[in-house]
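The values are calculated or read from the model by the stated rules, or taken from the named source; none is laboratory data. Please read all numbers here as calculations on a predicted model, not as lab measurements. Virtual Cβ from ideal backbone geometry, glycine too; neighbours counted across all protein chains shown. Ligands, DNA and RNA are stripped out before the accessible areas are found, and what is left, the full protein with its side chains, is counted by its heavy atoms. Shrake-Rupley method; radii C 1.70, N 1.55, O 1.52, S 1.80 Å.
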Amino acid sequence: MGLQQPSFSLTALAAVGLATAMLCAASTPAEAVPSFARQTGLACEACHTVFPELTPFGRRFKLNAFTLTTKQEISDINERKQGTLSLADLPPLALMFEASSTWQGKRVPDSNPSAPAGSQAQNGTVEFPQQLSLFYGGKIADHFGALFQVTYSQPSDHFTIDNSDIRYADQSQSGDFLYGLTLNNNPTVQDVWNSTPAWGLPSMTPPVGLAPAASPLIGKLGAQVAGAGVYGMYKDVFYLEGTVYHAALTGKTTPIDSTSGSHLDNYMPYWRAAYERQWGRHSAELGTYGTHAHFNQGGLNPENGLVMGADTFTDVAVDGQYQYIGENHIATAQASWTHENQTWQGLLNAGGTSNSKDNLNQYKVTGSYYYNRTYGGNVTYTRLSGSTDALLYPVGTSANGSPNSQWETFEVDYLPFLNTKVLLQYTLYQKFNGGSNAYDGVTNRKASDNNLVMLGLWTNF
Amino acid sequence: MKKVFLAAVGLATVLAHAASAATESPPKLAREVCSKCHGPEGISQSPLFPRLAGQQAEYLDQQLHQFRDRSRGDPHAQAYMWGVAGPLTDAQIKSISEYYASRKPVHGAAPSDPALAAKGKEIFFNGLEARNVPACAGCHGEQAEGQGAIPRLAGQHADYLYRQLRDFRSELRENETMHANVQSMTDDDAAALTEYLASQ
């Protein structure tokens, strides 16, 4: 997944023009991890409807800390016959490869400030690979398991630490109560339902193109924070989790100070509660999650030389999921509503916002259907609405200072094998940063000029 | 952060010990592997996973050998049980089969479609002469409890049983006896039988 810096950093806000609105792939992780299949001896379909969406069993496998194994292990015991080692014969490695070709509705202006007026960037971007990830996913010891992802992404041309989730899990004697711990670096990456940001659909997002200026904080903290949490699930029905995160920037000054760029200040709590029911081939989930974060603007205030101070975000989300997993037909749906309250201090000091308080709402609904896990696709509808703020969404981004955006993504998939997906994806904007026509207030760009067509290949082995 | 983690580990350890002080435990293999799909004590909730509680030991033993040598090859057997049974030893197969056979079977809830179940009961006891379907009770027992290598069917998930009948018919699951029994059975007959059996 791309390491997206929060879009409210000072530089991004100060800059005007389309070029700065170009965000690099904000894509979320996309995984089906064949090393798990090797460890368990189970085919992908045990854990996934169609990767990366999890089946009820896939959710239990993850909550059990990825420890289920059916293979012979290298083991050891001490004098009291307690196990001291249980190691897989082979390291649980897997690769993920994504390639894509993307076209925009209309070319964007050349990002070179000294290019002659009217110069435009190329349309049609091929990325090969768009993303290449190496996974270490599997059991580490009895009750301990981990999933590490190291990713190369073409837009950044770097290998970076991607999602990491180290877990410990055990259950009560009766098997009714499952409990565990997680250490991870991306809020919701530890979650087992596909209605939360880290694992939401569409799972492969275009690496180029413009993205709306606003999005809730909770979905963009990947690889900038690290946290430890405790979770429990009772009778496969009630799930409760609490995790506390702290800033963990990669490639920045440590200890973190004003030179480190924008970062999480102090500790950030994350909570999650969910209720799941399974009946026959159906399962449904209803839940809530959220966080409360102080986020420091990096850098010093050019006017008085003081540190910028922190902005406060409170995200509260309600989510739901339904899955029907039949012999030939699979149909699933996810929905979420996220409300974010923003209290500006740092950004206000920096002159990056005109209000001291703003808010943001995001509605997202997804539906998917697959036939024989081979042919199918999904549709996602997203709507963003929030306070009007002329400095937060300045001319160049939005003509009327509004983040309001609305779009759909249509995706058609063909899976020649359970571990390989060929997809054609179309993203269609009705509203972009507050408007449909001449939305940025500078050019005549229409929301629909940002429509995207992506042809993608994604395989895991 | 480290402190929080250590405290959490501590808490979990205490919980783990408190939990394990309880009653006599099921075999490690059942607890750590089989139960994740087949449910605690072999009573699964999802119809994808057959119930094993109270199943005939000899039948369980035989099926596990067939998964291990890959001679039971219907799609779900391949996707799930080939990997699970592959590394099991003869001794493990024997003891796990005895364990599940010793669990108390569950009885199914009343059928949601009583008329369909009544039709199924009729076939179960008397067969269908017109389509060469023998009476199932002759082999599977009056209570559908099974015997030896003939499986218990009572209280099993209807969805699972239906899939087996279909797979016997198409020979995705190879078994001469059962193939002959269901060869000319219709989907409706199969639905009636499984509705009845699941309610027993």
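Going through region A:58-73 one residue at a time, which ones are closer than 12 Å to residue A:139 by Cα and modelled with pLDDT under 90? Before you say what the answer is, go through the steps one by one.
First, the residues of region A:58-73 that are closer than 12 Å to residue A:139 by Cα: A:61-62, A:64-71, A:73.
Correct list: A:67, A:68, A:69, A:70, A:71, A:73.
Rundown of residues vs (1) of a type in the set (D, E, K, R); (2) surrounded by fewer than 23 Cβ atoms within 10 Å (Cβ to Cβ); (3) farther than 21 Å from residue B:75 by Cα; (4) at pLDDT below 95, yes/no style:
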{"position": "B:145", "(1), (2), (3), (4)": "yes, yes, yes, no"}
{"position": "B:150", "(1), (2), (3), (4)": "no, yes, yes, no"}
{"position": "B:156", "(1), (2), (3), (4)": "no, no, no, no"}
{"position": "B:160", "(1), (2), (3), (4)": "no, yes, no, no"}
{"position": "B:170", "(1), (2), (3), (4)": "no, yes, no, yes"}
{"position": "B:173", "(1), (2), (3), (4)": "yes, yes, no, no"}
{"position": "B:180", "(1), (2), (3), (4)": "no, yes, no, yes"}
{"position": "B:198", "(1), (2), (3), (4)": "no, no, yes, no"}
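Looking at region A:43-54, can you tell me whether even one residue there is free of Cβ contacts under 8 Å to residues at least 24 places away in the same chain, more than 9 Å from every other protein chain (Cβ to nearest Cβ) and of a type in the set (Asp, Glu)?
Within region A:43-54 (the criterion being free of Cβ contacts under 8 Å to residues at least 24 places away in the same chain, more than 9 Å from every other protein chain (Cβ to nearest Cβ) and of a type in the set (Asp, Glu)), the answer is no, since none of the residues qualifies.
Quickly run through region A:63-79 and pick out the residues that are within 14 Å of chain B (Cβ to nearest Cβ) and open to solvent by 80 Å² or more (accessible area, probe 1.4 Å).
The answer is A:71, A:72, A:74, A:75, A:77.
Can you tell me which residues in region A:156-188 are open to solvent by 30 Å² or more (accessible area, probe 1.4 Å), among the hydroxyl-bearing types (Ser, Thr, Tyr) and in a loop (DSSP other than H, G, I, E, B)?
Result: A:156, A:174.
Can you pull out the residues in region A:293-307 that are in contact with a strand residue (DSSP E or B) (Cβ under 7 Å, 6 or more places away or on another chain) and either farther than 18 Å from residue A:252 by Cα or of a type in the set (Gly, Ala, Ser) (or both)?
If the condition is that a residue be in contact with a strand residue (DSSP E or B) (Cβ under 7 Å, 6 or more places away or on another chain) and either farther than 18 Å from residue A:252 by Cα or of a type in the set (Gly, Ala, Ser) (or both), then A:293, A:294, A:298, A:306 are the ones that fit.
So which residues in region A:416-442 are outside any loop (DSSP other than H, G, I, E, B), more than 15 Å from residue A:210 (Cβ to Cβ) and within 23 Å of the chain's Cα centre (by Cα), if there are any at all?
Taking region A:416-442 as the starting set, the residues that turn out to be outside any loop (DSSP other than H, G, I, E, B) are A:416-417, A:420-432, A:435.
If we keep only those that are more than 15 Å from residue A:210 (Cβ to Cβ) as well, we get A:416-417, A:420-426.
Within region A:416-442, A:420, A:421, A:422, A:423, A:424, A:425, A:426 meet the criteria.
For a quick check of your reading of the model, give me the residue pairs whose first member lies in region A:169-183 and is facing another protein chain (nearest Cβ under 7 Å), whose second is at pLDDT below 85 and open to solvent by less than 10 Å² (accessible area, probe 1.4 Å), with beta-carbon atoms closer than 9 Å and at least 6 apart or on different chains.
A:170/B:12; A:179/B:12; A:181/B:12
Collect the residues in region A:412-461 that are touching a Ser or Thr at 6+ places or on another chain (Cβ under 8 Å), open to solvent by less than 60 Å² (accessible area, probe 1.4 Å) and of a type in the set (Lys, Arg), keeping them in residue-number order.
Passing the criteria: only A:421.
Going residue by residue through region A:269-279, is there one that turns out to be within 14 Å of chain B (Cβ to nearest Cβ), closer than 30 Å to residue A:174 by Cβ and crowded, with 23+ Cβ neighbours inside 10 Å? Explain how you work it out, then say what you get.
Start the filter on region A:269-279 by keeping residues that are within 14 Å of chain B (Cβ to nearest Cβ), which leaves A:269-270, A:276-279.
So of that shortlist, the ones also closer than 30 Å to residue A:174 by Cβ come out as A:270, A:276-279.
Filter once more, so that each one left must be crowded, with 23+ Cβ neighbours inside 10 Å: A:270.
Yes, there is a match, as at least one residue in region A:269-279 is within 14 Å of chain B (Cβ to nearest Cβ), closer than 30 Å to residue A:174 by Cβ and crowded, with 23+ Cβ neighbours inside 10 Å.
Pick from B:5, B:49: which is farther than 23 Å from residue A:72 by Cβ, modelled with pLDDT of 95 or more and within 13 Å of another protein chain (Cβ to nearest Cβ)?
On the way: B:5 fails: modelled with pLDDT of 95 or more.
The unique qualifying residue is B:49.
Under the condition of being closer than 23 Å to residue B:36 by Cβ and buried (at least 23 other Cβ atoms within 10 Å of the Cβ), which residue from region A:142-155 is nearest to the other protein chains (Cβ to nearest Cβ)?
Filtering first and then ranking leaves A:145.
Kindly check whether there is at least one residue in region A:111-131 that is more than 27 Å from residue A:178 (Cα to Cα), surrounded by 22 or more Cβ atoms within 10 Å (Cβ to Cβ) and touching a Ser or Thr at 6+ places or on another chain (Cβ under 7 Å).
The first filter runs over region A:111-131 and keeps only residues more than 27 Å from residue A:178 (Cα to Cα), leaving A:111-131.
Retained after the next criterion (residues that are surrounded by 22 or more Cβ atoms within 10 Å (Cβ to Cβ)): A:130-131.
In the following step, the residues that additionally are touching a Ser or Thr at 6+ places or on another chain (Cβ under 7 Å) were identified as A:130-131.
Within region A:111-131 (the criterion being more than 27 Å from residue A:178 (Cα to Cα), surrounded by 22 or more Cβ atoms within 10 Å (Cβ to Cβ) and touching a Ser or Thr at 6+ places or on another chain (Cβ under 7 Å)), the answer is yes, since at least one residue qualifies.
When residue B:127 is evaluated against the numbered criteria (1) on the phi > 0 side of the Ramachandran plot; (2) open to solvent by 70 Å² or more (accessible area, probe 1.4 Å), which criterion, by number, is the only one it fails?
(2)
Taking the conditions exactly as written (more than 14 Å from chain A (Cβ to nearest Cβ), part of a helix (DSSP H, G or I) and surrounded by fewer than 16 Cβ atoms within 10 Å (Cβ to Cβ)), does residue B:117 satisfy them or not? Steps first, please.
Values: more than 14 Å from chain A (Cβ to nearest Cβ): yes; part of a helix (DSSP H, G or I): yes; surrounded by fewer than 16 Cβ atoms within 10 Å (Cβ to Cβ): no.
Answer is no for this residue.
Any chance region A:202-225 includes a residue that's within 14 Å of chain B (Cβ to nearest Cβ) and more than 26 Å from residue A:41 (Cα to Cα)?
Going through region A:202-225, the residues within 14 Å of chain B (Cβ to nearest Cβ) turn out to be A:225.
From what's left, more than 26 Å from residue A:41 (Cα to Cα): A:225.
The answer is yes, given that some residue of region A:202-225 is within 14 Å of chain B (Cβ to nearest Cβ) and more than 26 Å from residue A:41 (Cα to Cα).
Working carefully through the options A:314, A:291, find the one that is among the β-branched types (Val, Ile, Thr), under 20 Å from residue A:241 (Cα atoms) and open to solvent by less than 30 Å² (accessible area, probe 1.4 Å). Spell out the reasoning first.
Details: A:314 fails: open to solvent by less than 30 Å² (accessible area, probe 1.4 Å).
Step by step, each of A:314, A:291 is checked, and only A:291 is among the β-branched types (Val, Ile, Thr), under 20 Å from residue A:241 (Cα atoms) and open to solvent by less than 30 Å² (accessible area, probe 1.4 Å).
Being buried (at least 20 other Cβ atoms within 10 Å of the Cβ) and either of a type outside the set (Gly, Ala, Ser) or out of contact with any Lys or Arg (no Cβ under 9 Å at 6 or more places or on another chain) (or both) is the filter here; which residues of region A:334-347 pass it?
Let us first name the residues in region A:334-347 that are buried (at least 20 other Cβ atoms within 10 Å of the Cβ), namely A:334, A:336, A:338, A:340, A:342, A:344, A:346-347.
Residues satisfying the conditions are A:334, A:338, A:340, A:342, A:344, A:346, A:347.
Residue A:278 fails exactly one of the following numbered conditions: (1) outside any strand (DSSP E or B); (2) under 30 Å from residue B:44 (Cβ atoms). What is the number of that condition?
The single condition residue A:278 does not satisfy is (1).
Which numbered condition in (1) of a type in the set (A, V, I, L, M); (2) away from every other protein chain (no Cβ under 14 Å); (3) buried (at least 17 other Cβ atoms within 10 Å of the Cβ); (4) in contact (Cβ under 8 Å) with a residue 40 or more places away in the chain is the only one that residue A:85 fails?
Condition (3) is where residue A:85 drops out.
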